Structure formats: structure tokens, C-alpha cells
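**Student:** The structure is given below, and queries will be raised subsequently.
The values are calculated or read from the model by the stated rules, or taken from the named source; none is laboratory data. In this text the structure is predicted, and so the values were computed from the model without any measurement. Ideal geometry is used to build each Cβ from the backbone, glycine not excepted, and the neighbour counts take in all protein chains shown. Just so you know, the surface numbers come from the protein's heavy atoms only, side chains and all, with ligands and any DNA or RNA stripped out. Shrake-Rupley method; radii C 1.70, N 1.55, O 1.52, S 1.80 Å.
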Amino acid sequence: TRVRRRYEATDKGKQRRKKKRKNRNRNRNRCWAEREEKKGTSTSTENEGGRGGTSEERQAGGGGSFDPSLRTKAPRRKAESTDAIATALTRRFGLAGGLAWVGVLAFGVVSEQVKTRLEVASEKQNTVEIKDAKVVTTASGLSYQDIKVGGGQYPKRGDLVVVQYTASFNGELYEDTKSKSRGGIAFVFESRPLPSGITPGFEEALSTMKTGGKRVVQVPPSLGFGSETTFIESKLKQETVQIPENSKLTYEIELSRVSIPPS
């Protein structure tokens, strides 16, 4: 009798647990069905297009209950990294691998800064002042006289150049970049359109200068503003300056820096 009661109790417990599990699954399926009906997204319709409606409708039409395994799952968003190498190392070796790569990058930045400082020191050391230098006239009619020969590099097409200059026409000074900015103006060498106040003759003179160099340049009208009257916004005079047609321009240019432009 005792064994039979224990068996009955065990059997009743199994039935009770089975009934609770069944009710829980029924409630879960009902919740999933209600949620899918409320969403009503077009994604499930597109995925089921041409196949006779959604999975819930097909299953309900067949007399069965809703199966949550058939619901449309949204694609998981993958975490994106700006550095694929750091991501790969972190996945392969864990956090230590990612930190090691960060250390390599930091070392590269520091070494690049040291290199830049050494280059600047070398430029200053190799820059030479010249007195009574010869006036050089090019085939285009441009003429220049060096005041300082720089010790750095020549600018190339696409380089970012920083210059200080003064500009005048017919003996009248109309621009001086040092009056408003100690750092000078920066622009991409041989890019078009040219910055305001910069002429083709200015760029031609700049092409044969090294970083740290300084020269006085005479620009003929053909390499200046040409045969038309030009209006320039002068930072020196804080007003618009009218440059007459066929004016010969005089620049004093100092090339401060040549570097790769930021991407």
C-alpha cells in the first residue's frame, strides 16, 4: 500500500508538471501570436510573398497552433570597428591582443612626432640666408630673388603648404598675412580653384622653393590677374581692394611648411 501511494503521488506529480508545462507553452504561443499581429511589419510579408501569407496564417489555416520557431527573426547587428586588425586580434587573443595592437599604434604616432621634430630641426639648420642674390628670370617671364634658401623639401602636387606673404601692385601694399595670422595661410599645392589672392605666378615661384625659404617675386600680368580688373578681399585693409588690369604684382613669399594633406 505504501509503495502504491508513493507511485500514485509520483504519477500525479508528473501529470501536474506536464499540465503546467502545457499551459505555459500555450500562453507563450498566444503571446507570440498577439505580438506578431500587432507588429504587422512588411518584412514578414515580403519574405512570405507568393507563398500564401505569413507562417502564422498558414499554420492557423492548417488547424495547428502557432510555433514561435517559424517567426521572422530580425538580423543581428554586428559591432563595427574602425580597425579591422584590432578586431581580429581581440577575437583571437582576447583583450590582451587588442591592447597590444593599440600599443603598436601609439608607438607609431610617437615615432612619427619624433621624426617630424627632427625634420623641422634639420630644415632650420640647413636654411641659409643670402645677401645680394642674383635675380633669376624664368621662361614664362617670372623673376625672383632669394632672401633665404630653405633646408627642407620642395612642394609637390597635392601637398599641403603653409605660407606667409605680402602682396603689392604698382608699389601699393594690399595684403600682408602676418598682420592677421602668425601661422600663415594653408592651401593644397596646384589645386584648383586657387585661393583668393594667389596667382599662377605665385605657385610657379613656390614650386622651386624649399621649406624655410624666402624670396621676392615679380609676377607679370600674364601670370597674375590678367587683363581684367580684379577685386580682392584684403585682410590687411579689411576692405575690398581693386587691382587694375595688366598690373604687375610683387610678392614676398616665405614657405613655412610642406606636409601631406589630411585624408
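**Student:** Restricting to the stretch 141-160, count the residues that are surrounded by 13 or more Cβ atoms within 10 Å (Cβ to Cβ) and either touching a helix residue (DSSP H, G or I) at 6+ places or on another chain (Cβ under 8 Å) or outside any strand (DSSP E or B) (or both).
**Tutor:** 10
**Student:** May I ask you to verify whether I243 is in contact with a strand residue (DSSP E or B) (Cβ under 8 Å, 6 or more places away or on another chain), within 25 Å of Q125 (Cβ to Cβ) and among the aliphatic types (A, V, I, L, M)?
**Tutor:** no
**Student:** If the Cβ limit is 8 Å and pairs must be 6+ apart or interchain, which residue in the stretch 217-231 that is acidic (D, E) pairs with which residue that is surrounded by fewer than 14 Cβ atoms within 10 Å (Cβ to Cβ)?
**Tutor:** E228/E245
**Student:** Among the residues of the stretch 97-114, is any modelled with pLDDT of 65 or more, small (G, A, S), surrounded by fewer than 15 Cβ atoms within 10 Å (Cβ to Cβ) and outside any helix (DSSP H, G or I)?
**Tutor:** The answer is no, given that none of the residues of the stretch 97-114 is modelled with pLDDT of 65 or more, small (G, A, S), surrounded by fewer than 15 Cβ atoms within 10 Å (Cβ to Cβ) and outside any helix (DSSP H, G or I).
**Student:** Continuing with this model, one more query. Any chance the stretch 197-206 includes a residue that's in contact (Cβ under 8 Å) with a residue 40 or more places away in the chain and assigned to a strand (DSSP E or B)?
**Tutor:** There is no residue in the stretch 197-206 that is in contact (Cβ under 8 Å) with a residue 40 or more places away in the chain and assigned to a strand (DSSP E or B).
**Student:** Restricting to the stretch 187-231, name every residue that is farther than 21 Å from K248 by Cα, open to solvent by less than 10 Å² (accessible area, probe 1.4 Å) and out of contact with any Pro (no Cβ under 9 Å at 6 or more places or on another chain).
**Tutor:** Passing the criteria: only G213.
**Student:** Since S181 meets every condition but one in (1) crowded, with 19+ Cβ neighbours inside 10 Å; (2) more than 19 Å from V135 (Cβ to Cβ), which condition does it not meet?
**Tutor:** (1)
**Student:** Answer yes if at least one residue in the stretch 161-174 is touching a strand residue (DSSP E or B) at 6+ places or on another chain (Cβ under 7 Å), open to solvent by less than 80 Å² (accessible area, probe 1.4 Å), modelled with pLDDT of 70 or more and not in a strand (DSSP E or B), and no otherwise.
**Tutor:** No, because not a single residue in the stretch 161-174 is touching a strand residue (DSSP E or B) at 6+ places or on another chain (Cβ under 7 Å), open to solvent by less than 80 Å² (accessible area, probe 1.4 Å), modelled with pLDDT of 70 or more and not in a strand (DSSP E or B).
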